[in-house]
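Values in this text are rule-based calculations from the coordinates and carry no lab data. All of these numbers come straight from a predicted model, not from anything done at the bench. Methodologically, a virtual Cβ is constructed for each residue, glycine included, from the backbone with ideal geometry; neighbour enumeration extends over all protein chains shown.
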Amino acid sequence: MIPETIVKQSLETNSYTTFSADNFNAYVMNTYGRFPIAIERGEGCYIWDTEGKKYLDFVAGIATCTLGHAHPVMITTVSDQIKRLHHVSNLYYIPVQGELAQWLVQHSCANKAFFCNSGAEANEGAIKLARKYAHEKLNIENPTILTAHDSFHGRTLATITATGQPKYHKGFSPLMPGFYYVPYNDITAIESAIAELDKDKRQVAAIMLEALQGEGGVRPGEITYFQRIREICNEKGILLILDEVQVGMGRSGKLWGYENLGIEPDIFTSAKGLGGGIPIGAMLCKSHCDVLEPGSHASTFGGNPFACAVGLAVCQTLEQENLLANVQQRGKELRIGLNTIAAKYSNLFTEVRGWGLINGMELSAEQEVTSIDIVKAAMNEGLLIVPAGPKVLRFVPPLIVTKTEVMEAMDILAKAIVNIIK
Ligand SMILES: *Cc1c(COP(=O)(O)O)cnc(C)c1O
């Protein structure tokens, strides 16, 4: 055991904070365009960089830190669980994994859960499940999964293929066969794709969509579109897979994004917000498509006691602290604030849209200003936000954000915009 004095010393001296950007880049692969700040600590909706500068965090680790930073429940759960047991593998029963699965099943349309470590891995599981279902239940030899333009489903080979954005495919061919893209919120495109692929002996086995497209530009799904898709899926036996990785776990103001659309998927995936920032993913399905069996799918770390204890604590805290009501209220205030700014600078902004605490602000295509420009200006003023493409700003604060913090964010954003148009 490391003596507590050494732990304390290293916290105080913070030796890692002297690790410069140049040194960092010498050792870490260059896969991210990083902003030139290094984050050292966080509390609630605020984080501090190594220079001591304070930021209001409306990124929340890209929509993951459900309970913000250093939440007492996270601290207690993480430290209690690591003392008790953190990993044993799925060779054995893990009671807390069962408890988390039960909570998710009791609070969704699903009957069963599979645990993994990330959104991409959850979507991989959903894709594998849909293919197995297609072979075994639908007798489709060459199944196709329909996905949408501007979607985002992850960075593994299958999930970049599912992602309907060519920029994520570049350099990685050959891509995975078995995917076909349609424009989002366009029901005619779905109908003709199904007919065409049918003729081509590449029958559609599943339709995989986000209830609200996050990364692709914060675009909410339309109710009529999703309801018609549900009808088509019922008529033809096609599975509806919803990627709830970003919009799920309460971010939309309902626990699951699909609750905003009045439909239920056959399969859905969760990750980002599920562990409040601790890596965990889940793939859930209804009984009729539960076709996996021992040996057909697995994950070494998936569902370990550490991640599941934290996931369960996040879920229970959402309920106990009535966070869905907070998400709805703060979301309304945030959209009012963003709309006020958009109206004041109407040549710069064209639209504000979103659900709960996932909101986007679209920049005019005619202006040169990009989302990165505003993100940088906001960062200078002490507000962290994240782009969703070159022309959309995304606001995804922790679900515990207060009204005062929403107002503060709007003040900082307004200041940043004044700096930009000067
Ligand atoms: C972030 C995201 C993913 C990928 O999740 P990872 O944990 O990065 O693998 C998949 N789908 C959606 C909708 C996402 O927002």
Problem set entry | Residue list for the stretch 70-85, filter: assigned to a helix (DSSP H, G or I) and more than 14 Å from LEU312 (Cα to Cα) | PRO72, SER79, ILE82, LYS83, ARG84
Exercise. Out of the stretch 314-339, which residues are part of a helix (DSSP H, G or I) and within 30 Å of GLN97 (Cβ to Cβ)?
Worked result: VAL314, CYS315, GLN316, THR317, LEU318, GLU319, GLN320, LEU323, LEU324, ALA325, ASN326, VAL327
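Tell me, which residue of the stretch 159-197 that is acidic (Asp, Glu) and assigned to a helix (DSSP H, G or I) is surrounded by the fewest Cβ atoms within 10 Å (Cβ to Cβ)?
Just the residues of the stretch 159-197 that are acidic (Asp, Glu), to begin with: 186, 191, 196.
Next cut, assigned to a helix (DSSP H, G or I) only: 191, 196.
On the way: GLU191: 14, GLU196: 12.
Looking at residues that are acidic (Asp, Glu) and assigned to a helix (DSSP H, G or I), I get GLU196.
Condition check: more than 16 Å from the ligand (Cβ to nearest atom) and under 16 Å from LEU146 (Cα atoms). Does GLU231 satisfy that? Give the steps one after another, and end with the answer.
Numbers: more than 16 Å from the ligand (Cβ to nearest atom): yes; under 16 Å from LEU146 (Cα atoms): yes.
In short, yes.
Look at the stretch 367-422 and say how many of its residues are in contact with a His (Cβ under 9 Å, 6 or more places away or on another chain) and either of a type in the set (A, V, I, L, M) or in a helix (DSSP H, G or I) (or both).
Number of matching residues: 1.
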Problem set entry | Top-ranked residue of the stretch 242-273 - restricted to ones that are in a helix (DSSP H, G or I) and touching a residue at least 60 places away in the same chain (Cβ under 8 Å), ranked as farthest from the ligand (Cβ to nearest atom) | ASN260
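Answer yes or no as to whether PRO294 is in a loop (DSSP other than H, G, I, E, B), more than 23 Å from GLN328 (Cβ to Cβ) and within 12 Å of the ligand (Cβ to nearest atom).
no
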For this session: Identify the residue in the stretch 145-158 that is part of a strand (DSSP E or B) and more than 12 Å from the ligand (Cβ to nearest atom) and, among all such residues, is nearest to HIS135 (Cα to Cα).
Result: ILE145
Exercise. Being without any contact (Cβ under 8 Å) to a residue 60 or more places away in the chain and over 20 Å from THR64 (Cβ atoms), is that true of even one residue in the stretch 296-307?
Worked result: no
Exercise. Here are some residues: LEU348, LEU284, LEU324, LEU292. Which one is touching a residue at least 40 places away in the same chain (Cβ under 8 Å) and crowded, with 21+ Cβ neighbours inside 10 Å?
Worked result: LEU284
Exercise. If you scan the stretch 372-391, which residues turn out to be in contact with a Leu (Cβ under 7 Å, 6 or more places away or on another chain), within 21 Å of PRO220 (Cα to Cα) and either of a type in the set (Lys, Arg) or surrounded by 22 or more Cβ atoms within 10 Å (Cβ to Cβ) (or both)?
Worked result: ILE385, LYS391
Seminar exercise, completed: Inside the stretch 102-144, the number of residues satisfying the requirement of being touching a Gly at 6+ places or on another chain (Cβ under 8 Å), of a type outside the set (A, V, I, L, M, F, W, C) and part of a loop (DSSP other than H, G, I, E, B) is 4
Exercise. Which residues, taken from the stretch 168-184, are in contact (Cβ under 8 Å) with a residue 24 or more places away in the chain and at positive phi?
Worked result: GLY178
Exercise. Pairs, please: C-beta under 8 Å, at least 6 apart or cross-chain, first residue free of Cβ contacts under 8 Å to residues at least 40 places away in the same chain and under 16 Å from PHE152 (Cα atoms) and in the stretch 122-138, second in a helix (DSSP H, G or I) and within 16 Å of the ligand (Cβ to nearest atom)?
Worked result: GLU124/ALA158; GLU124/THR159
